[in-house]
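Below you'll find the structure, written out as structure tokens, and then a few comments.
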Amino acid sequence: METPKRLTQYAHGGGCACKIPPGELEQAVAGLRNQFATGTSAAATPDTPGTPTGPAAEVLVGLDDGDDAAVVLLSPDKAVVSTADFFTPVVDDPVDWGRIAAANALSDIYAMGGTPVMAINLVGWPREVLPPELLTEVLRGGLEVATRAACPVIGGHSIDNPEPIYGMAATGTVHPDRLLRNDAAAAGLPISLTKPLGLGVLNNHHKSTGTLHPEAVAVMTTLNDVASRAAVDAGARAATDVTGFGLLGHLFKMCRASGVAARIDAAAVPYVPGAREALAAGHVPGGSRRNLDWVAPHLAAEGIAEEELILLADAQTSGGLLVVGEVPGAPIVGETVAAGSLPEGALVQVV
């Protein structure tokens with residue numbers, strides 16, 4: 001009798017490590033930027049059909065800086081946050097996959113300082129290969145985490161697909177004065193990280209060997225709600241969540257958008273137990289290497305081993321928040337500095 005495949009074996013990648021490489025993605029969406037100037041509201045209905053109009057609401061955060069979610073202003077004290085996130089199986093347990101995918105999707109709302117108010121499921125399913133009962137388990141896991149976030153899951157969309165895919169489109173709200181964004185970082189502030197790294201290499205190890213990593217699952221299914229509230233209450237104004245582009249990739253994007261630079265203390269960065277061992281055994285997602293290649297031209301890391309840089313660029317799934325400012329209870333892993341103050345014009349330095 002043929003041994004049934006594990007869920008992760010039905011996908012060529014896993015979790016956020018299966019993202020399109022950041023350089024390719026930026027090139028693909030380049031023509032979509034600068035549609036509306038941030039802070040502009042709707043234009044009058046045009047007299048000539050086909051004439052473009054402005055947005056129906058004031059755009060606070062658009063596509064230009066590659067932030068975690070889109071934000072539009074509804075009233076002086078309320079803005080709506082919108083995002084979507086989905087990926088192929090990152091673990092073999094269907095309920096855990098659903099839980100991880102839901103926490104990851106809702107993380108984009110929290111990364112903007114917002115509160116989720118509703119979500120819809122996004123599903124691609126190889127219906128002639130995997131039974132619908134398995135999909136039910138995935139959806140059950142997603143609902144479990146969304147319920148914990150007090151976020152109703154209302155319907156969704158599904159397609160027959162060669163690889164299993166699951167995630168959510170989520171909508172939230174935020175007060176404009178409490179908005180976290182990736183272009184608001186100022187120099188001279190500490191950088192906090194609210195979850196340990198190493199999820200990419202551990203998930204790759206799981207996919208390759210079947211070895212379970214309960215600590216990694218616990219990290220990936222933890223919501224970023226508490227961290228988000230703590231960051232906003234502490235006065236933070238700049239943050240992003242650490243997902244498929246790794247800490248170095250997301251930090252580089254934040255520095256570029258904000259016009260600052262950053263220095264990371266490699267020894268201060270926490271890792272999930274077993275991550276270094278998985279790396280030493282060769283379990284590195286392709287996405288992690290692509291992340292490092294993308295950031296390398298803007299990185300100063302003299303004397304830092306490549307293995308350390310791989311971990312710092314490791315493609316995370318449902319990672320923590322990277323916050324410019326001190327977040328109570330979270331380790332400080334570096335600091336922002338003035339642009340132009342790092343060696344060779346780098347935007348990120350690892351020491």
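Rule-based calculations on the coordinates, nothing more; no lab input. All values reported here derive from a predicted model rather than from experimental measurement. All Cβ positions, glycine included, derive from the backbone under ideal geometry; neighbour counts span all protein chains shown.
Just a few scattered comments:
- Measuring gaps between exposed loop sites in the chain (GluC sites (Glu not before Pro); DSSP loop; at most 13 other Cβ atoms within 10 Å), the longest gap, sites not included, is 129-301.
- Each Lys or Arg adds one and each Asp or Glu subtracts one; over the other residues with Cβ under 13 Å from the Cβ of residue 95, this totals -4.
- With contributions of -39500 (n - 2.57) from each DSSP H run of at least four residues, the per-residue ellipticity at 222 nm computed over the chain stands at -9000 deg cm²/dmol.
- Classification of region 69-199 by its C-alpha gyration tensor yields a prolate form. The axis ratio a/c (a ≥ b ≥ c) is 1.5 or more, and a/b outweighs b/c.
- Electrostatic dipole magnitude of the chain [Cβ: Lys, Arg +1; Asp, Glu -1; Cα centre; debye, to 20]: 240 debye
- The trypsin sites (Lys or Arg not before Pro) of region 245-311 include none that DSSP puts in a loop with a beta carbon having at most 11 other beta carbons within 10 Å.
- For residue 253, the aspartates and glutamates whose Cα comes closer than 16 Å to its Cα, not counting residues fewer than 8 places off in the same chain, are 24, 26, 64, 65, 67, 68, 108, 183, 241, 293, 314, 335.
- Each Cα pair under 8 Å and six or more residues apart adds its sequence gap; the mean of these over the residue count of the chain is a relative contact order of 22 percent.
- For residue 266 and residue 344, a Förster radius of 22 Å and the Cβ-Cβ distance give a FRET efficiency of 0.75, rounded to the nearest 0.05.
- Among residues other than residue 108 with Cβ under 13 Å from its Cβ, the summed charge is -4 (Lys and Arg +1, Asp and Glu -1).
- Per-residue Cβ neighbour rank within 10 angstrom, fewest leading, 157, 250: 157, 250
- Per-residue Cβ neighbour rank within 10 angstrom, fewest leading, 165, 264: 165, 264
- Relative contact order (percent, whole number), region 190-350, Cα cutoff 8 Å, 6+ residue spacing: 47 percent
- The Cα center of region 112-162 and the Cα center of region 179-221 differ in position by 22 Å.
- Note on region 190-350: dipole from Cβ charges, positive end direction compared against 349, 315, 327; the farthest Cα belongs to 315.
- Three-way shape label, region 190-350, alpha-carbon gyration tensor, a/c 1.5: oblate
- Treating each Cα of the chain as an identical point scatterer and summing with the Debye formula, the log10 of I(q)/I(0) at q = 0.10, 0.11 Å⁻¹ comes to -0.59, -0.71.
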